[in-house]
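Down below is the structure, laid out as structure tokens.
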Amino acid sequence: MTVDLSPWLDAVPPAAADAIAAARHALVACHENPDADTLGAALGVEAIVRHHGGKATLISTDPVPPLYAFLEGMDRFVADPDDNGDYDLLVVCDCGSLERLGGVLERHRALFERLPRVLVDHHASNTDGGPRDWVDPTAAATCELVALLARRLSVPLDAGNGALAAALMAGIVMDTSTFAHPNSTPRTLAVSAALVASGAPLSEISRRLYRSKPDAQLRLFGRVLDRLEVSDGGKVIHSSLSDADLAATGTLSSHSEGLIDLLAQSETAEVAILFKEDGPSATRVSVRTKPGGVDATVLTGVFGGGGHARAAGATIAAPLPEARTRFLAEAERQADAVSRAATA
Ligand code: 5GP
Ligand code: MN
């Protein structure tokens, strides 16, 4: 069965599609602390380039978290390109700005700035806008856009025995929380139908990403949830995760994935925040906000971060206690400005 995606294929920008199809050796890069959307999109771009006779080198500055090991191809990501490699195109996946590439950008800035670039992304805060870029904030996931690119460029979505469809489906499941977030549109669902028809195991992917965890991770969640705090009369809920928590539970930093979404289940909070120690002098901040309330890109934007209106993040160059004090003051100020009709 094939699902008709033709109503949406005209939206694929020819400049982006042509550049990817013409690449002989594409450097395909993910954002730091990679998730299923950036990784799946990169694998999708690799499949397109290969289908058109080229090859791809897949870059992730951070190691791929074990959570994603069930997807085929994760072992092909490397942290660094070869500065003398014969790349003829850079494809940047799911990055709201080039800086989101993380450390690899610092290590190879000349190479990254020299290559012709295609940026495929769905972050509202993305303002890069190069001639070959495709930035569509109405897409639920970058993988939704890559699936349309693939179909537009005649790549069978069932390529690799379903591996391509599974990788792209994983990105959509990740960024919609299995179609639970308000970002799922008819196009998201049509693309997903096409991916399932092409062999993507939707339910298994959803289980792996959202309902299956090592016990150590559940213990980490317990510690962090146990110390949650509310402020601003319940409008802000927050908690913190230190390196000591990781050591005590034997977990990796990537095991914090999902915690913020539990905090965001608070009935009263306009803003849910998780502060994560990132060494002695930096703090990662994850933010979730309620529909119609605080714009998470505005809140994190004050601290140089970004993302989406309902889910965004930032890195603050300060130790956790200081970062928390500064960020909470701004979060409370923005949460106070939200007015809601009283619900009886
Ligand atoms: P998370 O809280 O799950 O790490 O990130 C939520 C969303 O915000 C994701 O879409 C992610 O790409 C984006 N995001 C997270 N951290 C940053 C950041 O430091 N800068 C920008 N521009 N976006 C971020
Ligand atoms: Mn994404």
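Remarks
- Residues of the stretch 302-324 classified as touching a residue at least 60 places away in the same chain (Cβ under 8 Å), closer than 12 Å to Arg284 by Cα and not in a strand (DSSP E or B), total: 2
- One residue alone among Ala23, Ala41, Ala19 is within 15 Å of ligand 2 (Cβ to nearest atom), under 20 Å from Arg151 (Cα atoms) and modelled with pLDDT of 95 or more, and that residue is Ala41.
- Which listed residue is over 21 Å from Val28 (Cβ atoms), within 16 Å of ligand 2 (Cβ to nearest atom) and either in contact with an Asp or Glu (Cβ under 7 Å, 6 or more places away or on another chain) or not small (Gly, Ala, Ser) (or both), from Thr127, Thr185: Thr185
- Test: residue in the stretch 124-143 that is under 11 Å from Pro13 (Cβ atoms), of a type in the set (Asp, Glu) and at pLDDT 95 or above: yes
- For the stretch 329-343, the count of residues that are touching a Gly at 6+ places or on another chain (Cβ under 7 Å), closer than 14 Å to Val236 by Cα and more than 16 Å from ligand 2 (Cβ to nearest atom) is at least one.
- Residues (of a type outside the set (Ser, Thr, Tyr) and in contact with an Asp or Glu (Cβ under 9 Å, 6 or more places away or on another chain)) located in the stretch 305-322: His308, Ala309, Arg310, Ala311, Ala312, Ile316, Pro319, Leu320
- Meets criteria (of a type outside the set (Phe, Trp, Tyr), within 16 Å of ligand 1 (Cβ to nearest atom) and without any contact (Cβ under 8 Å) to a residue 24 or more places away in the chain) for Glu113: no
- For the stretch 316-344, filtered to residues that are surrounded by fewer than 20 Cβ atoms within 10 Å (Cβ to Cβ) and of a type in the set (Val, Ile, Thr), the residue that is modelled with the highest pLDDT is Thr325.
- Restricting attention to the stretch 137-152 and to residues that are surrounded by 24 or more Cβ atoms within 10 Å (Cβ to Cβ) and within 13 Å of ligand 1 (Cβ to nearest atom), the residue that is farthest from the chain's Cα centre (by Cα) turns out to be Ala139.
- Residues that are free of Cβ contacts under 8 Å to residues at least 40 places away in the same chain and more than 16 Å from ligand 2 (Cβ to nearest atom), drawn from the stretch 76-98: Arg76, Val78, Ala79, Asp80, Asp82, Asp83, Asn84
- When we screen Thr61, Thr38 for residues that are within 16 Å of ligand 1 (Cβ to nearest atom) and within 19 Å of Arg132 (Cα to Cα), the only hit is Thr38.
- Of all residues in the stretch 258-301 being part of a loop (DSSP other than H, G, I, E, B), under 20 Å from the mean Cα position of the chain (by Cα) and within 12 Å of ligand 1 (Cβ to nearest atom), the one that is nearest to Val224 (Cα to Cα): Gly258
- Which numbered condition Gly103 misses (of (1) touching a helix residue (DSSP H, G or I) at 6+ places or on another chain (Cβ under 7 Å); (2) under 30 Å from Asp278 (Cα atoms); (3) within 14 Å of ligand 1 (Cβ to nearest atom)): (1)
- Just one of the listed residues (Val104, Val49, Val12) is of a type in the set (Val, Ile, Thr), farther than 27 Å from Ala197 by Cα and either more than 16 Å from ligand 2 (Cβ to nearest atom) or not assigned by TED's automatic domain parsing to the domain that holds Asp133 (or both), namely Val104.
The values are calculated or read from the model by the stated rules, or taken from the named source; none is laboratory data. As the structure is a computational prediction, the values presented were derived from the model and not from experiment. So basically every Cβ, Gly included, is an ideal-geometry build from the backbone, and we count neighbours across all protein chains shown.
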